[in-house]
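J.: Got a structure here, written out as structure tokens. Questions coming.
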Amino acid sequence: MTDPPRPLVAGNWKMNGLGGDGLALAADLARRAASAKGEESPACDLLVCPPATLLWRVAEALGQSPIAVGGQDCHADAKGAHTGDIGAEMLKDAGATYAIVGHSERRAGHSETDALVRAKAEAALGAGLCAIVCIGETEAQYGAGETLGVLEKQLAGSLPKGPGIAPGAAKVVIAYEPIWAIGTGLTPSLDEIARVHAHIRGILGGASAEGGSIRILYGGSVNAANAAEILALEEVNGALVGGASLHADDFWSIARSCP
């Protein structure tokens with residue numbers, strides 16, 4: 001039996017933050033990381049994903065800290081005539097080491113398919129980034145009891161094909177975010193979260209020898225009040241945090257909740 005992977009707490013700032021606010025938040029987190037000693041240090045890896053306009057400046061502000069920086073999306077192509085898009089190699093050049101792909105807000109708002117998400121994940125891996133592949137069901141699918149089937153389909157279509165995982169399981173992260181829980185204050189029950197994460201682990205373990213060491217994050221209205229009980233669940237290897245990641249106190253409290 002393999003040891004559980006080290007947790008990852010990732011903050012997705014989404015389309016929030018101008019230069020002053022973003023750099024102040026990054027500086028606050030860097031100070032906390034530098035001053036944390038022993039048991040005060042979070043027992044997890046930390047990541048923030050600012051909007052693209054702040055990426056290089058936040059990466060520079062966090063350069064001497066253990067906090068990593070990631071992009072919120074990337075194009076499937078490294079470069080080309082794609083006005084307004086950002087390639088994975090560009091993210092890396094700006095200081096990113098991670099890229100979120102397939103977030104439900106991209107899937108819904110930009111009609112992204114599983115095939116496109118897979119292509120983006122493979123592009124991220126090809127650029128040397130870790131790909132955080134997001135999956136999750138709608139409220140209607142949840143109500144109809146279709147959650148597990150929906151997630152199986154998304155994993156089958158969105159995960160990089162065999163060679164994509166081969167460079168190392170640490171290069172792929174799965175983020176389970178029930179769409180109906182994102183930004184709503186609602187969350188599944190602890191039993192439901194545990195059941196879903198166990199199911200995802202079973203799929204990953206059956207697909208690859210490295211599947212047991214791929215981190216599976218939970219996201220969807222994670223906050224300072226509920227983080228500890230969620231992060232304590234088996235097969236929950238961290239959190240993808242939205243709104244709470246915009247407040248240093250809340251994000252740090254969530255990170256400190258990792259067992």
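J.: Would you order 153, 79 from fewest to most other beta-carbon atoms within 10 Å of each residue's own beta-carbon?
T.: Sorted ascending by nearby Cβ count, the order is 79, 153.
J.: OK, next. Read phi for every residue in the stretch 91-99 and hand back ³J(HN,Hα) as whole Hz from Karplus 6.51 cos²θ - 1.76 cosθ + 1.60, θ = phi - 60°, with x for Gly and Pro.
T.: 4, 4, 5, 7, x, 7, 10, 10, 9
J.: For a test of the definition: using alpha carbon positions, the gyration tensor, and the 1.5 limit on a/c, classify the stretch 176-259 as rounded, prolate or oblate.
T.: prolate
J.: Can you sort 253, 111 from fewest to most other Cβ atoms within 10 Å of each residue's own Cβ?
T.: The fewest-first ordering by Cβ neighbours comes to 111, 253.
J.: Write out the cysteines belonging to the chain for which the nearest other cysteine Cβ is not under 4.7 Å, or none if no such cysteine exists.
T.: Lacking a cysteine Cβ partner under 4.7 Å: 49, 74, 130, 134.
J.: State the antiparallel share, in %, of DSSP beta bridges confined to the chain, rounding to the nearest 5.
T.: The antiparallel fraction comes to roughly 0 percent.
J.: Further question on the same structure: Averaging sequence separations of C-alpha pairs under 8 Å and six or more residues apart, then dividing by the length of the stretch 112-259, give the relative contact order as a whole percent.
T.: 21
J.: Please state, as a whole number in µm²/s, the translational diffusion coefficient that the Stokes-Einstein equation yields for the chain at 25 °C and 0.890 mPa s, with Rh defined as the Kirkwood radius across alpha carbon pairs.
T.: In µm²/s, the coefficient rounds to 135.
J.: Can you pull the one-decimal nm distance between simple spin-label points at residue 31 and residue 18, each 7 Å off the Cα toward Cβ?
T.: 2.2
J.: Where nothing but the Cβ of Lys and Arg (+1) and of Asp and Glu (-1) is charged, how large is the charge dipole of the chain around its Cα centre, in debye to the nearest 20?
T.: Around 500 debye, computed over the chain.
J.: For a test of understanding, tell me how many lysine pairs in the stretch 1-132 have Cα atoms under 19 Å apart, given they are 8 or more places apart or on different chains.
T.: Taking the Cα cut-off of 19 Å, the pair count is 5.
FYI, it's all coordinate maths here, none of it is from the lab. Values in this document were obtained by computation on a predicted structure and should not be read as measured data. A quick note on method: Cβ atoms are made from the backbone with ideal geometry, for glycine too, and the neighbour counts reach across all protein chains shown.
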